[in-house]
Amino acid sequence: MSAAQKEEKSVNIEEMITKAVRKIGGKKENELCKYLPMKTGGYMHHFTLRKMKVKQPQDLSQLLERFVINSDKLTVVAPKQRAARGSRKRRDHMNFTRNQLERMLNIARLAGDKEIITILSPRKSLATCKRELIQSIRHNKIDQDLWNGYVEAVNAQQMMAEMMMAPQA
């Protein structure tokens, strides 16, 4: 396609857009989007309008003629239905009641599965871990789970402190 033909098509599409904007009583070409339906539903996005203006001016001019210029009654296209907010949350996790968690924790303890026990055990604060560890020491009891919980709480607190002290990039 020669430069003259491209120039002629761009002038033609510009005239068509100006004519259509006048007919809808708008001020900007983006206002045309609401009158141009898409195959996927809803009206045309303004980025698509700009892209078609450059890459597919023939298709855009056909759409403008059909839905705006040659239309007796202009109709605004309803927007495309969108998913509700929060509907894209992951739904593959299960919610358990407190009793169900306690039962599963007891089953894991009976089976001796340390990994599942640590996953299902509720997270304790550092102060709670310290208190329970000191009580077990006073009663001359050794509880590896309490110690592991204490170490985990201290590590978590140190990581938080390091994150707060780290310079912001």
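The values are calculated or read from the model by the stated rules, or taken from the named source; none is laboratory data. Source: prediction; values computed, not measured. For neighbour counting, all protein chains shown are included, and Cβ atoms are generated from backbone atoms with ideal geometry for every residue, glycine included. When the accessible area is computed, the model is the full protein with side chains, heavy atoms only, and any ligands, DNA or RNA have been set aside. Shrake-Rupley method; radii C 1.70, N 1.55, O 1.52, S 1.80 Å.
One table, with the values for the structure above:
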item: Cα long-axis angle, helix 144-165 against the chain (0 to 90 degrees, to the nearest 10); result: 40
item: Phi to ³J(HN,Hα) by Karplus 6.51 cos²θ - 1.76 cosθ + 1.60 over region 67-72, Hz, x for Gly, Pro; result: 9, 10, 5, 8, 7, 6
item: Separation of the residue 128 and residue 50 label points, Cα + 7 Å toward Cβ, nm; result: 5.3
item: With Cα atoms, 0 to 90° folded angle of helix 126-138 axis to the chain main axis; result: 20
item: Solvent-accessible surface (1.4 angstrom probe) belonging to residue 139, in square angstrom, nearest 10; result: 130
item: Taking only Cα atoms of the chain, radius of gyration then Dmax in Å; result: 33.0, 95
item: Accessible surface, 1.4 Å probe, highest first, among residues 68, 77, 54, 151; result: 54, 151, 77, 68
item: Cα long-axis angle, helix 46-55 against the chain (0 to 90 degrees, to the nearest 10); result: 50
item: Gain on full stretching of the segment that runs from residue 28 to residue 73 - 0.36 nm per residue minus C-alpha separation; result: 14.2 nm
item: Global geometry of region 24-63, whether rounded, prolate or oblate, following the gyration tensor of its Cα atoms and the 1.5 cut on a/c; result: oblate
